[in-house]
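Please treat every number below as a calculation from the coordinates, not as lab data. Bear in mind the structure is a predicted one, so any value in this text is a computation, not a measurement. Every residue, glycine among them, receives a Cβ derived from its backbone with ideal geometry; neighbour counts consider all protein chains shown.
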Amino acid sequence: MTRDELLQLPPMITVPVAGRIMGLKSRSAAYRAAARGDLPTIRMCGKLFVPTELVLQKIGLRPTVDDEPRAVS
């Protein structure tokens, strides 16, 4: 996926899609990563999803909350 395609993903993606973004080679590897907690997941309607923002942070496309500049008072 290109950078632009990654930035246009919906807020929640499936575990296999998140795994592909993270460079995992198979669906089962993605689900194992989710089971270990390497991919943060949310269960909705019986399905497992990964927050896109967290995946983008892991690959360096989005700053983490700690990296964002803070307002000076």
| said: Can you work out the Karplus-derived ³J(HN,Hα) for every residue in region 28-45? Use 6.51 cos²θ - 1.76 cosθ + 1.60 with θ = phi - 60°, whole Hz, and x for glycine or proline. | reply: 5, 5, 5, 5, 5, 4, 5, 5, 6, x, 5, 10, x, 10, 10, 9, 9, 6
| note | Expressed in angstrom, Rg and Dmax over the Cα atoms of region 1-49 are 10.9, 30
| request: Could you list which residues have their amide H under 5 Å from that of ASP38, counting only those 5 or more apart in sequence or on another chain, with H placed in the peptide plane? | output: none
| remark: If the label point sits 7 Å along Cα→Cβ of LYS58, residues of region 20-50 with amide N under 11 Å come out as 20-24, 30-41, 50
